[in-house]
């Protein structure tokens, strides 16, 4: 038996290093290194633990911050939309304090969306297992960590035991081939992949993204790519750590330092799939053929390049229902569709590079429609302000908000009106996602900015310098 | 958790694929108390903006009022990790969700709420959909102990479930209790590998 020497994937290496116990039925008890607590957990999670007199097993492995219910209009608890929602923000802080869990409160410059803040603070490191009661925990895979979303009961299990019962996922290798064209971002590549394999195409799998296109990406772009893995149904997305990862982490608040830094970097750089490791499936995407993408339907696979038309080959009932909801017709062009509002932000596209791209389109111009720009964290916000990006947006007549999830899930008071067409840098164009009856088109931040300036869907590449 | 017992019931047919958790329970209800959570199950497809019943949606048909089995299209429960989707489904009265494929997080969440998720073969799922189309009041029996689904006319299939989760459901066992029984393994792991980096401020 020389299992340790058989070729393994990056995923298998992280997984194997975290198995605490197994059952004959094929369930694995996995150790969890980092756990993020956010403000949208059902209150019952805390109550159940208290009722059973269970304590948080390892408080310093968990970090808490509110993001879903926080207001973008002000930096205090009083700004939260109503008492019902304020209670979620209050109880998160109360439970964190009571249990000795570090908490980035509203107004703390570090507060923001969990999936923006975790990597930014180096709370997530390569090789870790990372969980949060939020599906976009897949984002953390950009650092070479196995990050995955869990349910509320599982959150309670992690708090009480620092472990989780899991079925071992399958692996999928995704390769992007050819250099992406001018103006094509990680968002567009991810949407092209989801269009190709469907919103359930990677269910049961952990995706490893590899190849020159991926390694050529910045960390921000890698996070966007891994973030959207869940929209293909994947359990997680993963990218092997490389020099870019190490450069990104160096000097961040919770990154190791001194000799410990050197030791860990050496370990991180060994974390990659062996050359002859085999994956359960493989998908190849022709990156050179991808254009800036726009969703036209009610799930992220229903999307197309901006110069394309909505497919018209005898739509199924399901596609017809999506088009009816969206107020669009099969076979019509995407370019030129008038829009009512624009949202720029979220854990998908709320990082500094995203804001820079949007600002490069907006600079010196005026928005024709109501536009909200929300940085992903307090630190992204202050960086953007240092660079003068906030003024570019506000001088264009756009609103510049405080960090949080905002209109991505539309439960903090920011939402569009029924029937409104909203162009958004978020991750889900589901029915009602941005408010009842709202029609969402998901795009990259440059495309969103151009839609705001022109008041309709346009190919932003003609505005991109 | 209540032990899972044999279920015999009419079946709600939802052949549409890729039904997401935002449809199953819109996010704006996530801050509501758990009491009577069943009313939020597919809320925006069941009710119009004035609270009236929308004609034509399957859950509004009187025959499914007490249904305990849902036969869904592939990838049911995709999207958000919100366990509220299972709360709403369970509180509506559904105890078994069957589909050719269920989304990962939703699938895991079912087990925590005494709901049995079953992944059927494509062929059995479509056979069952077809049979129930002709006999919408037909009952299906789900036997977890024997791992079988039996439809009208003796249409039967065996389904897979791992022994650990099966026992938890059948005995109404709580996972935390079972894990705390393995505390020594967790402690050994922490000693051998060292705990994760600690965040203290």
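Only the coordinates and a few stated rules stand behind these numbers; no lab work does. As the structure is a prediction and not an experimental result, all values here were calculated from the model. Cβ atoms come from the backbone with ideal geometry, glycine included; neighbour counts cover every protein chain shown.
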Quiz prompt | Tilt relative to chain B, helix B:122-134 - C-alpha long axis, 0 to 90 degrees, to 10 | solution = 40
Quiz item: Shape call for segment B:1-102 from the C-alpha gyration tensor, a ≥ b ≥ c root eigenvalues: rounded (a/c under 1.5), prolate (a/b greater than b/c) or oblate?
Solution: rounded
Practice problem: Report, in deg cm²/dmol and to the nearest 500, the calculated mean residue ellipticity at 222 nm for chain B, where each DSSP H run with n ≥ 4 adds -39500 (n - 2.57) and the sum is divided by the residue count. | Solution: -8500 deg cm²/dmol
Practice problem: Sticking with the crude label model, points 7 Å out along Cα→Cβ, report the distance from residue A:94 to residue A:212 in nm, one decimal please. | Solution: 5.8
Quiz item: So what is the calculated 222 nm ellipticity per residue for chain A, using -39500 (n - 2.57) for each DSSP H run with n of 4 or more, over all residues, to the nearest 500 deg cm²/dmol?
Solution: -9000 deg cm²/dmol
Quiz prompt | Cβ-derived FRET efficiency at R0 30 Å, residue B:129 paired with residue B:47, nearest 0.05 | solution = 0.70
Quiz item: Among B:44, B:22, B:177, which one moves the most in a GNM of chain B with springs linking Cα atoms closer than 10 Å?
Solution: B:177
Quiz item: Which FRET efficiency value, to the nearest 0.05, is calculated for residue A:394 and residue A:84 with the Förster distance at 25 angstrom and r the Cβ-Cβ distance?
Solution: 0.20
Quiz item: Counting other C-beta atoms within 10 Å, which of A:15, A:296 has the fewest, and how do the rest follow?
Solution: A:15, A:296
Quiz item: Which whole number gives the average count of other chain Cβ atoms within 10 Å of the Cβ atoms across peptide B:185-194?
Solution: 4
Practice problem: Would you mind calculating the gained length between residue A:252 and residue A:282 on full extension (0.36 nm times residue separation, minus the Cα-Cα distance), in nm to one decimal? | Solution: 7.3 nm
Practice problem: Taking only Cα atoms and a 10 Å spring cutoff, compute GNM fluctuations for chain B and point out the largest among B:80, B:121, B:31. | Solution: B:31
Quiz item: Applying 1/(1 + (r/R0)^6) with R0 = 35 Å to the Cβ-Cβ distance of residue B:191 and residue A:266, what FRET efficiency is obtained, to the nearest 0.05?
Solution: 0.90
Quiz item: Once you put a point 7 Å from the Cα of residue B:150 and another 7 Å from the Cα of residue A:307, both along the Cβ direction, what distance in nm separates them?
Solution: 6.2
Quiz item: By what distance, in whole Å, do the Cα atoms of the protein assembly as shown stretch along each of the three principal axes, largest value first?
Solution: 70, 60, 53
Practice problem: In a Gaussian network model over chain B where Cα atoms closer than 10 Å are linked, find which of B:35, B:99, B:184 has the largest mean-square fluctuation. | Solution: B:184
